[in-house]
Amino acid sequence: MSEEQGIVVRLRSDGMADIMTEKKGGGEGCGASHSCHSFGTGNRMITRTRNRIGARAGDQVSLNLRSGLFVKSAAVVYLLPIIGFIIGAAVGTSLNQAIGIGARTGAVLFGLGGLGVGFLITIMISKWTGVKGILTPEIAKIISRGSGDGVSVAVDPVCNMLVDPATASASLEYRGTTYYFCNPGCKQAFSRNPGQYLG
């Protein structure tokens, strides 16, 4: 397991927290691609993590990233469709005479079918790991508590950009929480359907 440090910038209603971390080269340090969002050419990124220990906005925290599991899941994503294609092509070649088609046609058709099955299995595995949170980073410990005055950076809930609350082009209070936006268009989108962006 690799470890990374960051600052909690937003708490979510589902027990998750958005953590601002320093971006490292080549995506290293990002334990789960579906949890990390980089912005522009800057060196900061937001990582969505589990917050089982009750960290608050502004706290400096340490994250556990399951890097070995991430590598294994990446192998599944790339290898299953290829394996499905190879098996399908082999089956198509061996069954071509029984179903009355040429060897090449059987290999291509069954290979494409195997590729499709491989992709479907990959999608099912991806959904299962997402639901189970297997690849989601977790806050391991609170290094230091924030001042309690909040954080000097916020996350636009629509586009996930980092926004300085003091210079944000728009803000909106919703259910007791003030949200900051990078532009009025994001505020309008949020106003139309806040539930789509929260949670």
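Could you list all residues from segment 51-95 that are assigned to a helix (DSSP H, G or I) and modelled with pLDDT under 85? Answer for segment 51-95, where residues must be assigned to a helix (DSSP H, G or I) and modelled with pLDDT under 85: Ser67, Gly68, Leu69, Phe70, Val71, Lys72, Ser73, Ala74, Ala75, Val76, Val77, Tyr78. Here Ala154 meets each of (1) farther than 30 Å from Leu63 by Cα; (2) at pLDDT below 85; (3) small (Gly, Ala, Ser) with one exception, condition (1). Has segment 20-33 got any residue that is under 14 Å from Ser62 (Cα atoms), at pLDDT 75 or above and out of contact with any Asp or Glu (no Cβ under 8 Å at 6 or more places or on another chain)? Checked against the condition, which is being under 14 Å from Ser62 (Cα atoms), at pLDDT 75 or above and out of contact with any Asp or Glu (no Cβ under 8 Å at 6 or more places or on another chain), segment 20-33 yields at least one hit. The residues on offer are Lys187, Lys141, Lys127, and the sole one that is under 25 Å from Asn64 (Cβ atoms) and at pLDDT 85 or above is Lys141.
All but one of (1) of a type in the set (Val, Ile, Thr); (2) under 15 Å from Arg10 (Cβ atoms); (3) at pLDDT below 80 hold for Thr177; which doesn't? The number of the failed condition is (3).
Pairs are defined by a Cβ separation below 7 Å, a sequence spacing of at least 6 or placement on different chains, a first member in segment 61-89 that is outside the structural domain of Val117 (by TED's automatic domain parsing), and a second member that is modelled with pLDDT of 90 or more and of a type in the set (S, T, N, Q); no pair meets this definition.
The values are calculated or read from the model by the stated rules, or taken from the named source; none is laboratory data. Computed from a predicted structure; not experimentally measured. Methodologically, a virtual Cβ is constructed for each residue, glycine included, from the backbone with ideal geometry; neighbour enumeration extends over all protein chains shown.
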